[in-house]
Every structure is written in structure tokens, then in C-alpha cells.
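Note sheet for the following structure.
Read the figures in this text as sums done on the coordinates, not as results from a lab. For clarity, every value in this text was computed on a predicted model and none was experimentally measured. Don't worry about glycine lacking a Cβ; one is built from the backbone with ideal geometry, like all the others, and counts go over all protein chains shown.
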Amino acid sequence: MKRKLLLGVFVLFLLPNVSFGQTAPNLGATSSFALFTAGGAFNSNGATKVTGNIGSFTVTPTIAGPGIVTGTIYNVGDPALNQPFADVSTAYSDLFSRVPDNVVTIELAGQTLTPGVHSTGSGSAATLTGNVTLDGQGNPNSVFIIQIDGALTTSTFANVILINSASPNNVYWQITGAFTLGNSSVFRGNIVSGGAIELLDASSLIGRGLTKAGAIHLHNNVVTLGSPPANPTVTLTQPTCSVGTGTITITAPTGIGMTYSVDGLTYTNTTGVFSSLAPGTYNVTAMNSDGYVSLRTTVTINAQPSPPANATASVTIQPTCSVTTGTIVVTVHWVPDMNIILTVEPIRLQ
């Protein structure tokens, strides 16, 4: 199969850090499936654990014990499979038709890809013998589409690593041929394949495995179809005249394994409290234990307020022969967040 590259794409090689604003394909009724084939066998052996629905349009999936499926196992002939059968081909065609922004080498290991459409070229199968990194550049909406016009095979312990807010739900692997995930590897994203999908022993898929024509074989795997957490809910502590920094406190979402970021780049905070923040605008996101990243909640730490001007005082009533005390009127430039204490100290002349 041939892919057509527009002449203008050459210019894009000079702009590796540009986000090309790709939109995600519509997975339709396949979106609830962790694993689905429109035409092929479906079997599993070993202690496979699948979170999400599974199904085949042509056979009823066979899950040997002690495998566990947390979701619906659809039997062949179920009318609910008719729409996914159509939608997987639609999604595949959509991904295949995208014009590449970049051509990558057929050995994916060692490469760092930014958002956009990446292709291995016409008729080019690919391998992953180590780690490939997808860099979201701080944007949880960033979309990655990797087109492979052939098979994709990974070695043992290969990994797809997502950084800087790249999220599995926004990563799409359009593979013309078969996909084979090596032993003990971890793969992230949505596989939309034209051939068989096989996960070898102890490998993990965080995302989806969908094929329009091919069998699905599992071997003691973990397949997790997750979803991004909700947009963070926050409270703010703004700077005062005496404290020049602010604090962002995330009140939701919370839970085991949740981490937070205020720049979309670093997700090491587990408490949800970011203190000593300089004035400015911050994009607050949350990431769950499966690596799914929430949308942004944008908040602003205000500039530190200026201190009030010096108070002024005037004597309005002097003591008299009959009244031994006087009155001083103090004019204060009041600031709402300040606690003002006035003192008047007599100066005694010696």
C-alpha cells in the first residue's frame, strides 16, 4: 500500500516542536472495548487480566482460567457487535488517510515523537527493540498518530513511554499488518490494526487492541482500558502584602496513585498542594496510576498587592485649661487583606 506525502510536508521537518493540532478519530462503538476483532479467533491462556469489554464478530472469546475479565464478554451473534464491526473499519480508514507530518525510522526504539502524524513510510514494517517516547509538550489534548504500513513487532521488555502530559487515550497506532507485543513489554495507546494482535507472555497493554481482520491471542497479560480523571477542582491562597507567593490546593480528584502538575511537565506531586508559587497563570492537571491525564484547570496567582501609603496624622483638638487631653486624627490608606494596628507614642521633651 502506498501513502502520499505532500510536498509541503518537507518543510515540517524543520519544525519538530510544532503541535499540528490533529483531531482524534471517532472510535464509535468500539470505544468501550479493550479488545475487539471484526474477524478472527479470540483466545487467552494464563492469568490474563482484562479491564474493559472484549468481543469478536465471528467467534465467542475463550478465556482460560485463571483469566479475569472486568467487563462484558460478548458472544458471537450478539446484535451489540454489529456497530463495532462497522466502526473499527471506519476508524482504521480515517487513521490510514491522515497525511503524515513526519517520517520516522522503522526501528522506533530511541526516538522521541511530538504530537502529530508519524509514518514509517510506504510498505514499511516496524520494530521496537527498546523504548520509544511520546512527548505531549505539556498539553493533555495532544494527539499522536503513528502509521505503520506493515507489521509491528516489539522485543522483550520494550516500552512506549508517555511524558509531559501525553495520555494513552490520545495515542493511536494504525498498523496495516499484525501486531506482536514481546514478553514483559508495556505498550500504551490505541492499536487499530488490519491484522492479528498477539500479546506474548507477561506483556501489558494500557489502552485498546482493535483489529478489523485478524485473531487476538493473549498469554498471561494485563490489558487495561482506562480513562482520564476529571478536571481538577482547586482552591487558591493568593499573595498578601507580607507574603509574595500563593498556594494551589487540589481538592479533587484524589485517590491512590494520583499525581498532579501545574505545568503539564512534572507529575511528582502526590499531595495536591503547590505552595510558594510566583504570580502567574498555571494549568493544573491530574494523572492517574494508569498514566491517563486530565484536561486542564487554568488558575491565576495574582500579583502581590502593594503596601499602603504611610498614614498621616493631624492634631485637631489641643488641651485647654479645663481639658487636659487632645485629639489626633490619623488617615490610613486601607488595604482589604491587611490587619492595621495603630499606635501613638508620646514624645517627651527633656
Out of Gln22, Thr112, Thr266 - ranked by how far each Cα lies towards the positive end of the dipole of the chain, with unit charges on the beta-carbon of charged residues - the top one is Gln22
Taking only Cα atoms, what is the 0 to 90° angle, nearest 10, from helix 82-97's long axis to the longest principal axis of the chain?
80
Taking Asp290, Asp78 and counting other beta carbon atoms within 10 angstrom, the fewest-first order is Asp78, Asp290
Each residue of the stretch 152-158 in order: what ³J(HN,Hα) in whole Hz does its phi give by Karplus 6.51 cos²θ - 1.76 cosθ + 1.60, θ = phi - 60°, with x for Gly and Pro?
10, 10, 10, 8, 4, 6, 6
Whole-Hz ³J(HN,Hα) from phi, Karplus 6.51 cos²θ - 1.76 cosθ + 1.60, for the stretch 304-320, glycine and proline x:
5, x, 6, x, x, 5, 4, 5, 10, 10, 9, 8, 9, 9, 9, x, 10
For Ala125, distant residues with modelled amide H under 5 Å away
Ala151
Net charge contributed by nearby residues that have their C-beta within less than 12 Å of Leu205 (K/R +1, D/E -1):
+1
Least to most buried among Asp135, Asp87, by other C-beta atoms within 10 Å and fewest first, runs Asp135, Asp87
Antiparallel %, DSSP beta bridges [both residues in the stretch 196-298], to 5
70
Give me the orientation-averaged projected area of the Cα convex hull of the stretch 233-301, in nm², one decimal.
4.2
As a test of the formula, what do you get for the chain when each DSSP H run with n ≥ 4 contributes -39,500 (n - 2.57) and the sum is divided by the residue count, at 222 nm and rounded to the nearest 500 deg cm²/dmol?
-1500 deg cm²/dmol
Just the projected area, averaged over all directions, of the convex hull on the alpha carbon atoms of the stretch 271-331: how many nm²?
8.0
Going by average Cβ density within 10 Å per residue, which order do the peptides 243-249, 64-70 take, highest to lowest?
243-249, 64-70
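Counting other beta carbons within 10 Å of each residue's own, what order do Val273, Val50 fall into, fewest first? Before the final figure, lay out the partial values.
Working: Val273 12, Val50 25.
By the 10 Å Cβ count, ascending: Val273, Val50.
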